[in-house]
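Novice: Before I ask anything, let me first share the structure, which is written out below as structure tokens.
The values are calculated or read from the model by the stated rules, or taken from the named source; none is laboratory data. What you see is a predicted model, and the numbers here were worked out from it, not measured in a lab. Quick reminder, even Gly has a Cβ in these numbers, built from the backbone with ideal geometry, and neighbours come from all protein chains shown. Areas reflect the complete protein model, heavy atoms only, side chains present, ligands, DNA and RNA absent. Shrake-Rupley method; radii C 1.70, N 1.55, O 1.52, S 1.80 Å.
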Amino acid sequence: LADVRAAAMSPEYRQYLEETVGRRNATAEEIQSAGIRANPDDILQSILETEEPSQNPQKTSFDGAHKVYAQTSHNPEQQDKVDNRAQTITSVNFEQGINAFWFDTVCNAPRNTLGGAVPSASQFRDAALPRARSVVDAVREWHAKQSLVLVEPDPTPASGFNLFESLLTCPELIIEVGKHLKPKDIINLYSISRKFHGIVDDHMWSTIKTWAEHMAPGSVRIFSRSIYLDEFYIRDPAGRPMDKAYHNMAHITIPERKRSPIVNNEVRMVPGLKWLQMIYSREVRIRDIMATLARMGHRLPCRTDMALKKMWLIMDISTSEGRVAMMRSEDLITSIDLCLLHMFLVKTMLAFNDPMYGPESSALVELMLGQRSLSALWAMLRRKRYTTRFEIRRLKVAYDIEPTPEELTRGEPVYGVPVHKMGLKHLEGWGIGNEHLLRPDELIFIESARRQLDFEPFAEKMMFYGHIDWETGAPAVPSLEEMYMSDDDLEDSPDLEKHREAGAVTSKVYKECGNVPFERWMWQPRDVKKHHHWHTMTKEEQQAILGEEEEEFGQ
């Protein structure tokens, strides 16, 4: 009878049984390998080791700027004047730096090793000058040994000056230009330009770090490089070893020190362009989620973005045990983070439930938070995906709806999902294990209860936050910064006309909020102008806003 039943079984049914047995026999190592390793102490240490981005823009050297805009014919006399001028600037800056450093040393360390007395400025200068000269000489020697030395640009072609080729002669400047490009544009340049490819490969670690700190200053610390070692790291194209002695340059600044012997010659791992694209994408999508909620009137506190990034980090873990361990780290997930995440859940619930028509359910919020990342929630809020009932049902079927015996017998897909793939996304490893994978909302409630943080009495205040100005009683209008969103896909796109026809409103005022159009039921930039800048606007601007409102009411 078993043979007869097996013979009558559909291939989909047989595959479903085989995968079910495989999930029951899956090892913990196989499940953990689907995501990042959940070691709270190591992850927290990796985040803390990542330096906060500097707020001061990096200054480019005078020589580098001169080389980019150099004339085609080289003039030695003019070059000597430039070198002398650069030397003078360096000397002045160095003199000022020496005096400032000496003053700071005297204030912070009044007792010095020089006989127990405070060194004078001249003594300090005499000790610092030889070391500074040795640093300058070492840097020049290092540049001379590099394969990509700073050379004069090639003769200008007959068609005119080639700015990009000239920028490539100075790695510092081309890296500075890359800070203002999108990651996809950097990847295109990396693919088609041999010189740009060589510059990035020779300085992969520092280049990626510089771009990441400029494009995603918050994400660069939360999604730190070593956490995603297996997926987003590559071997250093320059072939530098991972031994710390190789990267220790103390022997250059202090000649009496000697470099330690290099023992480990294995090539180190460095973050690649894929990691840069990942953190940039997450930075933008979290900004868009908060901006969409703000446009709908559900504002969030300014620190919520960092709490959401930590939540996204936990969503990368593929086991419930690992996620719980991360949530219990009070140094990583603070009580303030839990409060902000509670407010985020409240605001998202309000956004997905109409006050009159309902559906008075959290099913859609739970479905979106049960996905592998926040990208699903972002796509739904931005109306890029999950805008139809069919898409929502297909996502739900793939998440936690198990097939019935009749569906297994027929073997036909349900809402486009094969029967052996139904109900797997809520399991550990996103279908590799056999146990339920705790969602972020479940983790927040569990951890809040463990820490005895009772947020229920504040639920009503969380609902009203950002809606009403309690001092005046007027509606609280979000700022232009809160509503800002930009989308590269909408630039010069025919879809923009479709958005207009669907009810989106655009005007000159709206450019301050990016290029993503507003729906009519959202807060509009003109509302911000009326509430916050009305008395500072000219009569022409006031009439333009009032005329736009009358035109919209007429439509």
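Novice: Look through the stretch 461-486, keep the residues that are at pLDDT below 85 and small (Gly, Ala, Ser), and return whichever of them is nearest to Arg526 (Cα to Cα).
Specialist: Here the answer is Ala474.
Novice: Let me ask something else. Which one is farthest from Met204 (Cα to Cα) among residues in the stretch 258-295 that are modelled with pLDDT of 90 or more, in contact with a Lys or Arg (Cβ under 9 Å, 6 or more places away or on another chain) and open to solvent by 20 Å² or more (accessible area, probe 1.4 Å)?
Specialist: Met290
Novice: Looking at this structure, is Gly297 touching a residue at least 60 places away in the same chain (Cβ under 8 Å), touching a His at 6+ places or on another chain (Cβ under 9 Å) and not hydroxyl-bearing (Ser, Thr, Tyr)?
Specialist: Against the criterion (touching a residue at least 60 places away in the same chain (Cβ under 8 Å), touching a His at 6+ places or on another chain (Cβ under 9 Å) and not hydroxyl-bearing (Ser, Thr, Tyr)), Gly297 qualifies.
Novice: For the stretch 396-449, give me each residue that is in contact with a helix residue (DSSP H, G or I) (Cβ under 9 Å, 6 or more places away or on another chain), within 26 Å of Asp337 (Cα to Cα), of a type in the set (A, V, I, L, M) and part of a helix (DSSP H, G or I).
Specialist: Leu443, Ile444, Ile446 - these are the residues of the stretch 396-449 that are in contact with a helix residue (DSSP H, G or I) (Cβ under 9 Å, 6 or more places away or on another chain), within 26 Å of Asp337 (Cα to Cα), of a type in the set (A, V, I, L, M) and part of a helix (DSSP H, G or I).
Novice: Since Arg37 meets every condition but one in (1) farther than 30 Å from Ile227 by Cα; (2) modelled with pLDDT of 75 or more; (3) open to solvent by 100 Å² or more (accessible area, probe 1.4 Å), which condition does it not meet?
Specialist: Tallying (1) farther than 30 Å from Ile227 by Cα; (2) modelled with pLDDT of 75 or more; (3) open to solvent by 100 Å² or more (accessible area, probe 1.4 Å), Arg37 fails exactly one: (1).
Novice: Only residues that are under 13 Å from the mean Cα position of the chain (by Cα) and charged (D, E, K, R): list them for the stretch 300-314, please.
Specialist: Asp305, Lys309, Lys310
Novice: Could you count how many residues in the stretch 300-328 are open to solvent by 30 Å² or more (accessible area, probe 1.4 Å) and without any contact (Cβ under 8 Å) to a residue 60 or more places away in the chain?
Specialist: 2
Novice: Still on this structure, please answer the following. Check Asp489 against each of (1) modelled with pLDDT under 80; (2) more than 23 Å from Glu552 (Cβ to Cβ); (3) in a loop (DSSP other than H, G, I, E, B) and name the one condition it does not meet.
Specialist: Status for Asp489: all satisfied but (3).
Novice: Taking the conditions exactly as written (of a type in the set (D, E, K, R), surrounded by fewer than 20 Cβ atoms within 10 Å (Cβ to Cβ) and closer than 24 Å to Ala34 by Cβ), does Arg389 satisfy them or not?
Specialist: no
Novice: Considering only residues that are surrounded by fewer than 18 Cβ atoms within 10 Å (Cβ to Cβ) and under 22 Å from Leu369 (Cα atoms), which ones fall in the stretch 402-422?
Specialist: Passing the criteria: Glu402, Tyr415, Gly416.
Novice: For the stretch 329-349, which positions are open to solvent by less than 50 Å² (accessible area, probe 1.4 Å), not in a helix (DSSP H, G or I) and not polar (S, T, N, Q)?
Specialist: Once the filter is applied, which keeps residues that are open to solvent by less than 50 Å² (accessible area, probe 1.4 Å), not in a helix (DSSP H, G or I) and not polar (S, T, N, Q), the stretch 329-349 yields Leu332, Ile333.
Novice: Still on this structure, I have one more. Counting only residues that are under 29 Å from the mean Cα position of the chain (by Cα) and on the phi > 0 side of the Ramachandran plot, how many does the stretch 390-444 have?
Specialist: Number of matching residues: 3.
Novice: Determine whether the stretch 160-168 contains at least one residue that is at pLDDT 75 or above and assigned to a loop (DSSP other than H, G, I, E, B).
Specialist: Yes - at least one qualifying residue is present in the stretch 160-168.
Novice: Go through the residues of the stretch 356-377 one by one and say whether even a single one is at pLDDT below 95, surrounded by fewer than 21 Cβ atoms within 10 Å (Cβ to Cβ) and aromatic (Phe, Trp, Tyr).
Specialist: yes
Novice: Quick test for you: out of Lys195, Lys184, pick the one residue that is modelled with pLDDT of 75 or more, surrounded by 15 or more Cβ atoms within 10 Å (Cβ to Cβ) and not aromatic (Phe, Trp, Tyr).
Specialist: Lys195
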